[in-house]
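A.B. asks: Here it is, the structure, as structure tokens.
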Ligand code: SF4
């Protein structure tokens, strides 16, 4: 059986004393909430290549190429070791569906590290070397740092993308036939449509073409992995949900339809209702309607711990 959704996280965020100063940066939300949904794999590229703790810090420095070198001992260059390690880590952990990293770290940072230049201005907001090499190997894996994990919109984007990728990876590891492929397309419709209607139409076409199941799976893979990391806006999410709601309008009492429709529309305009509440309301009328396609949507079947993660904490 395919394992539970698995996420890799910087070891220091998981409370391990791996930092250069011997400390950690334990993240409460990671330990108490994320761990209830995902199996966490700890990764510390610096310690995993054999550096001691405590140790002298390293920094990204650009002369010609960007290098990861010691700030005290400038001859200590760990660039190649970290890049090799990152590629190996990506290869050996093919089923991880997300990465949670320490902000600003020259190894783990995501759009938050600094490259110092011997001549000229420093560059801010870049990826650490481990993150950069990992994403070069697996660009479709959703990634977030501990600061953005505190931001509700960023967290919702990350969690939904990671769960959708896990679903795809589970399919890829299974015995794929036309039925399992169709079921995957069906349950991810709302997820895809809330990111891109065009991607949804392309996926529909991929499923209906005359090729073999393997051809259809290859087309699905290409399209789905491109869509996983697209960021949905509230407006797009609401449009996709309203489109789904319309398909069951005839099976609902007008008052119930109008109530949920108004709630989704308000969510789309950035008003009061939070996302899990909207999902729960859509789920209730979906169950009432008995519509099999809508009932199968992955986002309408989130577990309690997932819904808790999608709320303000
Ligand atoms: S930021 Fe990355 S490299 Fe630095 S201690 Fe944490 S896990 Fe290790």
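A.B. asks: Out of 172, 137, 103, report the one residue that is touching a strand residue (DSSP E or B) at 6+ places or on another chain (Cβ under 6 Å), surrounded by fewer than 21 Cβ atoms within 10 Å (Cβ to Cβ) and touching a residue at least 12 places away in the same chain (Cβ under 8 Å).
C.D. replies: When all the criteria are applied, what remains is 103.
A.B. asks: Mind checking which residues of the range 85-108 are in a loop (DSSP other than H, G, I, E, B), within 11 Å of the ligand (Cβ to nearest atom) and on the phi < 0 side of the Ramachandran plot?
C.D. replies: The initial filter retains those residues of the range 85-108 that are in a loop (DSSP other than H, G, I, E, B), namely 93-95, 102-108.
Then drop every residue that is not within 11 Å of the ligand (Cβ to nearest atom), which leaves 102-108.
Listed by number, the residues that qualify are 102, 103, 105, 106, 107, 108.
A.B. asks: Only one of (1) in contact (Cβ under 8 Å) with a residue 12 or more places away in the chain; (2) in contact with a helix residue (DSSP H, G or I) (Cβ under 9 Å, 6 or more places away or on another chain); (3) part of a helix (DSSP H, G or I) is not met by residue 195, so which one is it?
C.D. replies: The one condition residue 195 does not meet is (3).
A.B. asks: Identify the single condition in (1) within 15 Å of the ligand (Cβ to nearest atom); (2) within 25 Å of residue 235 (Cβ to Cβ); (3) buried (at least 20 other Cβ atoms within 10 Å of the Cβ) that residue 111 does not satisfy, given that it satisfies every other one.
C.D. replies: (3)
A.B. asks: To continue, here is another question. Yes or no: residue 114 in contact with a strand residue (DSSP E or B) (Cβ under 8 Å, 6 or more places away or on another chain) and assigned to a strand (DSSP E or B)?
C.D. replies: Numbers: in contact with a strand residue (DSSP E or B) (Cβ under 8 Å, 6 or more places away or on another chain): yes; assigned to a strand (DSSP E or B): yes.
For residue 114, the condition - in contact with a strand residue (DSSP E or B) (Cβ under 8 Å, 6 or more places away or on another chain) and assigned to a strand (DSSP E or B) - is met.
A.B. asks: State yes or no: is residue 80 under 24 Å from residue 136 (Cα atoms), more than 9 Å from the ligand (Cβ to nearest atom), at pLDDT below 95 and loosely packed, with under 15 Cβ neighbours inside 10 Å?
C.D. replies: Values: under 24 Å from residue 136 (Cα atoms): yes; more than 9 Å from the ligand (Cβ to nearest atom): yes; at pLDDT below 95: no; loosely packed, with under 15 Cβ neighbours inside 10 Å: yes.
So residue 80 fails the test.
A.B. asks: Then there's this: Limited to the range 10-26, what total is found for residues that are more than 8 Å from the ligand (Cβ to nearest atom) and not in a loop (DSSP other than H, G, I, E, B)?
C.D. replies: 1
A.B. asks: Condition test on residue 45, is it at pLDDT 95 or above, within 14 Å of the ligand (Cβ to nearest atom) and either closer than 23 Å to residue 160 by Cα or out of contact with any helix residue (DSSP H, G or I) (no Cβ under 9 Å at 6 or more places or on another chain) (or both)? I'd like the intermediate steps shown before the answer.
C.D. replies: Numbers: at pLDDT 95 or above: yes; within 14 Å of the ligand (Cβ to nearest atom): yes; either closer than 23 Å to residue 160 by Cα or out of contact with any helix residue (DSSP H, G or I) (no Cβ under 9 Å at 6 or more places or on another chain) (or both): no.
Considered against the rule, which asks whether it is at pLDDT 95 or above, within 14 Å of the ligand (Cβ to nearest atom) and either closer than 23 Å to residue 160 by Cα or out of contact with any helix residue (DSSP H, G or I) (no Cβ under 9 Å at 6 or more places or on another chain) (or both), residue 45 comes out as no.
A.B. asks: Evaluate the following for residue 67: is it more than 9 Å from the ligand (Cβ to nearest atom), in contact with a helix residue (DSSP H, G or I) (Cβ under 7 Å, 6 or more places away or on another chain) and either within 19 Å of residue 148 (Cα to Cα) or not in a strand (DSSP E or B) (or both)? It would help to see each step written out before you state the result.
C.D. replies: On the way: more than 9 Å from the ligand (Cβ to nearest atom): yes; in contact with a helix residue (DSSP H, G or I) (Cβ under 7 Å, 6 or more places away or on another chain): yes; either within 19 Å of residue 148 (Cα to Cα) or not in a strand (DSSP E or B) (or both): no.
For residue 67, the condition - more than 9 Å from the ligand (Cβ to nearest atom), in contact with a helix residue (DSSP H, G or I) (Cβ under 7 Å, 6 or more places away or on another chain) and either within 19 Å of residue 148 (Cα to Cα) or not in a strand (DSSP E or B) (or both) - is not met.
A.B. asks: Of the numbered conditions (1) farther than 22 Å from residue 292 by Cα; (2) buried (at least 20 other Cβ atoms within 10 Å of the Cβ), residue 244 satisfies every one except a single condition; which is it?
C.D. replies: (1)
The values are calculated or read from the model by the stated rules, or taken from the named source; none is laboratory data. The model shown is predicted, which means the values in this text are computed figures rather than measured ones. Note that each Cβ is placed from the backbone with ideal geometry, even for glycine, and that neighbours are counted across all protein chains shown.
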